[in-house]
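Where a number appears in this text, it was derived from the coordinates with a stated rule and is not lab data. What you are looking at is a predicted structure, and each value in this text was computed from that prediction instead of being measured. Here the Cβ is made from the backbone with ideal geometry for all residues, glycine too, and neighbour counts use every protein chain on show.
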Amino acid sequence: MTDPEPIVLATELDVSPACAYHLFTERFAEWWPAGTHSLSRDPGTSCHLDARRGGAVDELAPDGTRHAWGEVLEVEPGRRIRFSWYPGREPKTAQWIEVEFAQAAGGSRVTLTHGGWEALGEIAPLLRQEYLPGWRHVFANLYAAFARSQG
């Protein structure tokens, strides 16, 4: 069995790469759809991305329960962030997410890559298939719309 190819999605924004980075990381809780894309599935849930090496990617449910989603692995402020990704699973099954922020005509091009599927074993192709429309909605639609509304 060959491992699934990474998911790669990009969006063009009319804000600078530094601003796009700030909106993705520091304002993550404002654009992430916690009511539908969290383990708690509660609109009162808040999701966080601590944009420093070793920082947590997690959610805090209204009842105080914290669910780990991953850990920040690499950071180049304003240019790139890479974190592990295992919401609802054990860290040993972590994939990785990398988001790059590059200069483009009129603003920036933000590229999200989700790889590391081999950590999931035989369920990797199925989960990749489920993640693709999820990332299209969350990143290419919601994050992009949020960033555009701030520009």
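Extension gain for Arg52 to Leu73 (0.36 nm times residue separation, less C-alpha to C-alpha distance): 6.7 nm. Full extension of the chain between Glu122 and Leu142 yields a length gain of 4.2 nm, computed as 0.36 nm times the residue separation minus the alpha carbon distance.
How much FRET efficiency would the formula 1/(1 + (r/R0)^6) give for Glu130 and Ala105, where r is the Cβ-Cβ distance and R0 is 41 Å, rounded to 0.05?
Values: r = 34 Å, r/R0 = 0.82.
It comes to 0.75.
With only alpha-carbon pairs counted, each pair once and no self-pairs, how large is the Kirkwood hydrodynamic radius of the chain in angstroms? Don't jump to the answer; show the numbers that get you there.
Details: mean 1/r = 0.0639 Å⁻¹.
Radius from the Kirkwood sum: 15.7 Å.
Calculated FRET efficiency, Arg82 to Asp42, Cβ-Cβ distance, R0 = 35 Å: about 0.80 to the nearest 0.05. Relative contact order, whole percent, for the range 7-150 stands at 27, derived from Cα pairs under 8 Å and 6 or more residues apart. Counting only DSSP H runs of at least 4 residues, each contributing -39500 (n - 2.57), and dividing by the residue count of the chain, the helix-based mean residue ellipticity at 222 nm comes to -5500 deg cm²/dmol.
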